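Take a look at the structure below.
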Amino acid sequence: MAAGFAKTLTTYADWALPLGALLNSFNQCHADPTDGFCLVPLTQSNFKLQKPYDTPFEQSYLYENGVHKLWVYADDKPHDPNSHTQPRIEIRIQCLDYSSEVWQFEGYGFVSNGTSGATIAQIHGAAHGAATFILRIYDGDMRYYSRDLVATSMYDKWFRLNVIHDVDGGTVTVYINGVQKYSTNDKGPGSGMYFKCGVYATLANISFYMESMWRDIKIHKN
């Protein structure tokens, strides 16, 4: 009996060692996207709202219990009387413009059912074009611009979004709930790039009402 028990322990030890190594390997493969980054302190002055120019803030924005709620209509005005862009209500991270190194946006987002044809997050500024990276919602799916599929079934649930911009490497990588979902080349370093989130109507196939919510917005730098 004792010999059999000892043999069982030996067999278990032989099995447990590689299992432990396997678990360590699994954890390394699923490292948090913020690992190795430093948190950049933010204050209220870093959050600038861009909204339809002819409406007061309370008609398109609400901040309550740590949650930013932003909504816009397809027939709203642009953010500036001299602009010919589509309606938007966005949070622009200001005073943290960058043109080199590795930067990361993190935030928990929520897109209301029915919102479609809306940019919910972007990196503004590029060597070619106005933005180096854009995430949009079309019928509940998240896409890179209106093309590549990033994630599906995004309506009516909180999700953690991490967007890493390696300027020197020329890449942008997207994580949803800690899992890498997409990576692409950027459009070249602009003189002053920055992160934005909210809702910004596209040129076509948009819903009349567009809404998103954001909380725990953070910026990290490597």
(message) Restricting to the stretch 186-222, count the residues that are of a type in the set (S, T, N, Q) and surrounded by 15 or more Cβ atoms within 10 Å (Cβ to Cβ).
(response) 3
(request) Mind telling me which of the residues Leu62, Leu96 ends up being of a type in the set (A, V, I, L, M), assigned to a strand (DSSP E or B) and assigned by TED's automatic domain parsing to the domain that holds Ser212? (result) Leu62
(message) Among the residues of the stretch 136-148, are any under 19 Å from Gly107 (Cα atoms), under 11 Å from the mean Cα position of the chain (by Cα) and buried (at least 18 other Cβ atoms within 10 Å of the Cβ)?
(response) yes
(message) Can you tell me how many residues within the stretch 75-95 are buried (at least 17 other Cβ atoms within 10 Å of the Cβ) and in contact with a strand residue (DSSP E or B) (Cβ under 6 Å, 6 or more places away or on another chain)?
(response) 9
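Does any residue of the stretch 113-123 turn out to be assigned by TED's automatic domain parsing to the domain that holds Ser99, free of Cβ contacts under 8 Å to residues at least 12 places away in the same chain and among the small types (Gly, Ala, Ser)?
Among the residues of the stretch 113-123, not one is assigned by TED's automatic domain parsing to the domain that holds Ser99, free of Cβ contacts under 8 Å to residues at least 12 places away in the same chain and among the small types (Gly, Ala, Ser), which makes the answer no.
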(message) Considering only residues that are among the polar types (S, T, N, Q) and outside any strand (DSSP E or B), which ones fall in the stretch 196-216?
(response) Thr202, Asn205, Ser207
(message) Return the residues of the stretch 65-81 that are assigned to a loop (DSSP other than H, G, I, E, B) and aliphatic (A, V, I, L, M); say none if nothing qualifies.
(response) Ala74
(message) As an exercise: evaluate Ser183 against (1) assigned to a strand (DSSP E or B); (2) buried (at least 18 other Cβ atoms within 10 Å of the Cβ) and give the number of the one condition it does not meet.
(response) (2)
(message) Of the conditions (1) at pLDDT 95 or above; (2) surrounded by fewer than 17 Cβ atoms within 10 Å (Cβ to Cβ), Gly117 satisfies every one except a single condition; which number is it?
(response) (2)
(message) I'm checking my understanding of the structure. Among residues of the stretch 153-185 that are acidic (Asp, Glu) and over 15 Å from the mean Cα position of the chain (by Cα), which one is nearest to His220 (Cα to Cα)?
(response) Asp168
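Take the stretch 188-208 and flag every residue that is more than 20 Å from Lys218 (Cα to Cα) and at pLDDT 95 or above.
Within the stretch 188-208, the first condition is being more than 20 Å from Lys218 (Cα to Cα), and the residues that meet it are 188-191, 200-208.
Selection gives Tyr200, Ala201, Thr202, Ile206, Ser207, Phe208.
The values are calculated or read from the model by the stated rules, or taken from the named source; none is laboratory data. What you see is a predicted model; the values in this text were computed from it and never measured. Positions of Cβ are backbone-derived with ideal geometry, glycine not excepted, and every protein chain shown enters the neighbour counts.
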